[in-house]
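Only one structure is covered here, and it is reproduced in the block below.
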Amino acid sequence: MSPEYPFDDAATARAVLDESGTLVEWNAGAERLLGWPAADVVGRPAGNLLAGQGAAVPAGSRWADTVALRHRDGREVSVWLLAHHRRAQDGAPGGWLVVTPLEIGGSASPDDPLATAALIQSPCAVAVYDERLRLRRVNDAMADVIGLPEDRIQGLRLSEIGGRAESEELESHLLRVLTTGRAQDIQTYMRTGGEDRAHAWLARMAPVTDTQGRIRGVCLAAHDFTDNYLARERLQLVNEASVRIGSTLDVTRTAQELADVCVPALADFVSVDLLDPAEHGGEPAEAPTAPVKLRRAAHQSINPGSPEAVVKPGQLDTYPETSPQAASLIAGRTVVASVPSVDLEEWLSWDARRVQRVKEYGIHSTMSVPLQARGTTLGVVVCTRFRRPDPFSADDALLAEEVSARAAVCIDNARRFSRERETALALQRSLLPRSLPRTAAVDAASRYLPAARADVGGDWFDVIPLSGMRVAMVVGDVVGHGIQASATMGRLRTAVRTLADIDLAPDELLTHLDDLVVRLSAEAGSDGSPGEVGATCLYAVYDPVSRRCTLARAGHPPPVVLPPGGAPQQVDLPAGPPLGLGGLPFESAELELREGSVLSFYTDGLIETRERDVDASHQLLCEALATYADSLDETCDRVLHALLPPGGAADDVALLLARTLGLPASQVATWHIPADPALVSPIRKQVVEQLDTWGLQEAAFTAELVVSELVTNAIRYGAHPIRLRLIHDEATLICEVSDTSHTAPHLRRAKTWDEGGRGLLLVAQLTQRWGSRHTADGKTIWAEIGLLDE
């Protein structure tokens, strides 16, 4: 033997058998045991050495038993054998290794160090408690863990030695082992008296029995697995952060998720402070300078209500250069500081509120981690410990940086989304009417709500005054979300207003609008990709004189009408294809509405929700409208409250309510004009008389000139029958001349020596506005005379 090889081969009898049971190796220990030299047995069957009957080759992968073997001198030797099967590998043949010890240690003397090494010098911390759970023995490792010598703590209970809640919990498990006789394994994370920081321990407890099997105490063996425990905790925290942080595209919610993940796994209190974005939607400054202004986005504490917080969420606070927040932001790295220390002394002296919190809660360690994503500094995460006794370590800093880096990307994504959403929302609101016009045809109220958790969509509505006291009401929805949808919505709304100004019928207007959407879709796909522009629309025209409403829709939900004193009901209206398909016809429907009827126009975001189907939403809409009590604004709010979930709609919602008004017959005068220019003068006289009846003498001169010109043109260039109609309200007098010719007049500039061509120019100068509209029977030339300016 030598220090490099301390093994004594002769102390073990060893033999090797091949798969057939033939001896292939025989060592000196085997010769010592049976007296046979290797030359006499190697190459021969091992069965020749058996003193009795038995198989020469054992079965299984391991075999152990007592066997009678034949000594060379003829006597029998009873030997306990242990056999291991070896598989053939790397060219070596398979076989069996058979061994038995020749030298067995006997009972050692009390002075033999090996007799006490099992307990005293074991690297595993071991303690033995008697049947009263009083400490009897500890080894050196356990004494180091406890931090007290064995002779000073003998006779004490575990709870008395530890003095902590964790010690009392361990003692309860010791009692359970003592009473039940069943071993237990307990994991705990605690700091003992002999440690400067907490460790993770696996406490293995087993009953101690005497020779009669009676339980005489409990043995506690503690294994320190702190490294594995912390590695597992860090991995679990990183995994939890990847799952929990960034569940929404809301900056505040994401910051709160970051704080929630870190408490209590990493710190006792965590605050997330963000830099305010630059004005006009810009990015925060890449390199903050002291003093730094930060806005509290979120915080979390192990104490309910976070009483340690000095700043409330949403509040802006200023941090000097000596503060951990400013120091980490300026340096661009994690800053760990202890309390009290020189690092924080100057800052704490500057802020008395934080000094009070430090003393009140016993804060002893803080760690500031900058939030950085895509080269931009977004803010800082501050982790604080006061209940956990150990300060932040380098591993804690690496873990905080990993979690913060993931959160920073999510916060940056949320901030970018919020900025884009606000831009789209501002564009959307700028394209929607800021207020609805007051008309003699309807009283109207509207609501627009953007989607709660998605990009802004392309929903829109409008109320457009038309000629003849009529009014157009439109509601539409562009497919998709974002700035592109808002821009498309603006183009469609402008197109609808332009087409409405030329007094197109609803079905004809939708046909022209469909052509526009087809062109927009083609432009969107001009780069080779297919166009994806599409929209739905509902267009209605209401005439307060006839009290009739003409409607047409393009794939849009039909309106609901609430007649005075009746029940709400959905209007039976041909569906029509969505805009953008091209070439398909649209159909109109005409309703006769009683004065005071309420029309409800809306987009699909109001009725299509995850909580219920469309039929149930229609029922709720009808129930909300049925409670209408004169106020359209209150009814709008009641409808939204009844149909939308508390967190907001998943899609944009546009709602337009219009209560129809009727123009009394006393405010309308109609004449049928013969095709005789000589009768123009009597018609002018009748008009003046009618204006006297209405008390509109101030407008008589202008109205007489306008009627004379329009009637004369109709007699000269139009086709019979010809009709003159006067309509007035408080602010406007409307003159309409209708005939069956489809040729519309146009304004031209007459030259100096031209005898004609000045009539329409004169009408345009004397009236607020004028125009023409085509009807199914011909055309109508109209002019509006303002009454309030007369």
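Here, each number is a calculation from the coordinates, and none is a lab measurement. Just so we're clear, the structure is a prediction, and the values are computed from it rather than from any experiment. Cβ sites come from the backbone with ideal geometry, for glycine too, and all protein chains shown count toward neighbours.
With a Förster radius of 56 Å, plug the Cβ-Cβ distance of Ile502 and Gln356 into 1/(1 + (r/R0)^6) and report the FRET value to the nearest 0.05. Once rounded, the FRET efficiency stands at 0.15. Checking every one of the trypsin sites (Lys or Arg not before Pro) in the stretch 406-459 against DSSP loop status and a limit of 10 other Cβ atoms within 10 Å picks out Arg434.
Charge dipole of the stretch 123-226 (Cα centre as origin; +1 on each Lys and Arg Cβ, -1 on each Asp and Glu Cβ, all else neutral): 360 debye, rounded to the nearest 20. Scan (1) 31.2; (2) 38.0; (3) 63.1 for the value of mean projected area of the Cα convex hull in nm² calculated from this model and give just the label. Step by step, mean projected area of the Cα convex hull in nm² for this structure corresponds to label (3). For the peptides 34-45, 213-224, residues were scored by their other Cβ atoms within 10 Å and the scores averaged per peptide; the highest-first order is 213-224, 34-45. Using the Cβ-Cβ distance between Ala39 and Arg87 with R0 set to 25 Å, the FRET efficiency works out to roughly 0.30.
Cα centroid separation, the stretch 138-209 to the stretch 533-549: 83 Å. Peptides 476-485, 536-545 ordered by packing proxy, namely the average of other Cβ atoms within 10 Å per residue, highest first: 536-545, 476-485.
Computed extension gain for Arg152 through Thr627, at 0.36 nm per residue and net of the alpha carbon distance, reaches 162.6 nm. Annotation: amide H-H contacts under 5 Å for Asn139 (H modelled 1.01 Å from N, sequence separation of 5 or more, or interchain): Val126. Using 11 Å as the cut-off for backbone N distance, which residues of the stretch 258-279 belong to the label zone defined by a point 7 Å from the Cα of Asn303 along Cα→Cβ? Backbone N within reach: 269. For the stretch 432-660, the square roots a ≥ b ≥ c of the C-alpha gyration tensor eigenvalues yield an a/c of 1.5 or more together with a/b not exceeding b/c, which makes the shape oblate. In this structure, the amide hydrogen of Ala13, modeled 1.01 Å from its nitrogen in the peptide plane, lies closer than 5 angstrom to those of Thr100, Leu102, counting only residues at least 5 positions away or on a different chain.
Extension gain for Asn48 to Asp210 (0.36 nm times residue separation, less C-alpha to C-alpha distance): 53.8 nm. Here the Karplus curve 6.51 cos²θ - 1.76 cosθ + 1.60, taken at θ = phi - 60°, turns the phi angles of the stretch 174-180 into couplings of 4, 5, 5, 5, 5, 7, 9 Hz, with x standing for Gly and Pro. Rg/Rh for the stretch 120-224 stands at 0.94; both radii use Cα atoms, and Rh follows the Kirkwood definition.
Amide H contacts for Ile120 (H built 1.01 Å from N in the peptide plane; partners 5 or more residues away or on another chain; cut-off under 5 Å): none found.
On a C-alpha basis, how far is the centre of the stretch 638-685 from the centre of the stretch 396-425 in Å? Whole number, if you could? Centre-to-centre distance over Cα atoms comes out at 51 Å.
Checking every one of the GluC sites (Glu not before Pro) in the stretch 608-670 against DSSP loop status and a limit of 12 other Cβ atoms within 10 Å picks out Glu611.
The stretch between Arg137 and Gln765 holds 214.5 nm of extra length on full extension. This uses 0.36 nm per residue minus the Cα-Cα distance. Only helices enter this figure: runs of n ≥ 4 DSSP H residues, each worth -39500 (n - 2.57), summed and divided by the residues of the chain, yield -10000 deg cm²/dmol at 222 nm to the nearest 500.
Peptides 439-446, 357-364 ranked from most to least packed give 439-446, 357-364, packing being the mean of other C-beta atoms within 10 angstrom over each peptide's residues. A crude spin-label estimate for the pair Glu587 and Gln121, with each label 7 Å from Cα along the Cβ direction, gives 10.3 nm. Inter-label distance, Ala331 to Ala678: 10.8 nm, where each label sits 7 Å from its Cα along the C-beta direction.
For the pair Ala405 and Arg434, a Förster radius of 35 Å applied to the C-beta separation gives a FRET efficiency near 0.20, rounded to the nearest 0.05. Loop-resident trypsin sites (Lys or Arg not before Pro) (DSSP state other than H, G, I, E or B) in the stretch 181-212 with no more than 16 further Cβ atoms inside 10 Å of their Cβ: Arg182, Arg191, Arg197.
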